[in-house]
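What follows draws every value from the coordinates through simple rules; no lab data is involved. All of these numbers come straight from a predicted model, not from anything done at the bench. Virtual Cβ from ideal backbone geometry, glycine too; neighbours counted across all protein chains shown.
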Amino acid sequence: MRLVVDLNRCQGYAQCAFLAPDVFAMHGEESLLYNPHADEAQREQVRRAATACPVQAILVEYPQEAPAAVEEGLSGVR
């Protein structure tokens, strides 16, 4: 699992830090620190954190699942 947070979009609401505290943490009132390679065991907490972000600043990627998505996309092109 790979995380990307758009820090220009993040407004420091800290919902992610409450829902996945092992992955996200606030440093001060507005700075967000996060682990971009969160453990797979934290998947559900990260998904909830991304969903709860009021400005949708968190992007979660699942690299091991990408080939299936690509194959589906290619089959739709035919």
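Computed quantities for the displayed model
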read-out	value
Any pair with Cβ under 7 angstrom, 6 or more apart, that starts in region 1-18 at a residue that is touching a residue at least 60 places away in the same chain (Cβ under 8 Å) and ends at one that is exposed (fewer than 15 other Cβ atoms within 10 Å of the Cβ) and in a loop (DSSP other than H, G, I, E, B)	Met1/Tyr62; Arg2/Pro36; Arg2/His37
Count - residues of region 36-54 that are of a type outside the set (Asp, Glu) and out of contact with any strand residue (DSSP E or B) (no Cβ under 7 Å at 6 or more places or on another chain)	9
Looking only at region 26-40, and only at residues there that are more than 13 Å from Leu7 (Cα to Cα) and under 14 Å from the mean Cα position of the chain (by Cα), the one that is surrounded by the most Cβ atoms within 10 Å (Cβ to Cβ)	Ala38
